[in-house]
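See structure below.
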Amino acid sequence: MAILKIARMGHPILAGVAAPVADPTAPEIRALAEDMIETMIDANGAGLAAPQVHVPLRLVIFQAPPERSDPDMSEEERFDATAPLTILANPVIEILEPELEGGIEGCLSVPGLRGFVERPRAIRYSGTTLSGETVTRVARGFHARVVQHECDHLDGVLYPMRMRDLSKLMFESELRHYTSPTNKA
Ligand code: NI
């Protein structure tokens, strides 16, 4: 186990398209995933993609804890808004509800900044676990956001590239000035 160095915006590894993981059950993939988990926890992040630790493979980790879910959601929506710590190789996203929902995002590769990003509000995603099983889930709320954010990293996309209004890109320390009806952060 090791804490890995995180690439920051501007490093070419973050701009490339990552390659599929040929064998998600391979021991070296498990070792990489374990290091990514340790790195994410150390950096206090909710997700991490392999290119962020200089490995151009389609491997992501993320979690959507219940405390990040929206209390206004129905019980079913709240279920979809949470996810335990998940490791997925070769994830694929299908948009279920294209209506955009805005929220504040941060990224371990863009330290110190936060931005208001609009993304489809409901998705279905699937991918392969490290034991070779296929996971398929519906995701809403923060869960949908973090999965889309991490999968974007596999295609060289950072959240500022998804922003429609760069006046809503700000330093974390100024976030307290920001208010929006669609954001409760
Ligand atoms: Ni990120």
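The values are calculated or read from the model by the stated rules, or taken from the named source; none is laboratory data. As the structure is a prediction and not an experimental result, all values here were calculated from the model. Methodologically, a virtual Cβ is constructed for each residue, glycine included, from the backbone with ideal geometry; neighbour enumeration extends over all protein chains shown. When the accessible area is computed, the model is the full protein with side chains, heavy atoms only, and any ligands, DNA or RNA have been set aside. Shrake-Rupley method; radii C 1.70, N 1.55, O 1.52, S 1.80 Å.
Observations on the model:
- Percent carbon-and-sulfur accessible area, region 1-53, ignoring ligands, DNA and RNA, probe 1.4 Å: 57 percent
- Each label point was placed 7 Å from the Cα along the Cα-to-Cβ direction; for A19 and L166 their separation is 3.4 nm.
- Cα pair distances in the chain, grouped into 5 Å bins until the bin that holds the longest one, percent each: 1, 8, 17, 21, 22, 16, 9, 4, 1, 0
- Highest GNM mean-square fluctuation among G45, G112, G127, for the chain modelled with Cα contacts below 10 Å: G112.
- Calculated mean residue ellipticity, 222 nm, the chain: -6000 deg cm²/dmol, from DSSP H runs (n ≥ 4) at -39500 (n - 2.57) each, averaged per residue and rounded to 500.
- Additional length obtainable on full extension of the chain from I95 to E67, 0.36 nm per residue less Cα span: 7.7 nm
- The modelled label-to-label distance for the pair H11/E133, using points 7 Å beyond Cα in the direction of Cβ, is 3.3 nm.
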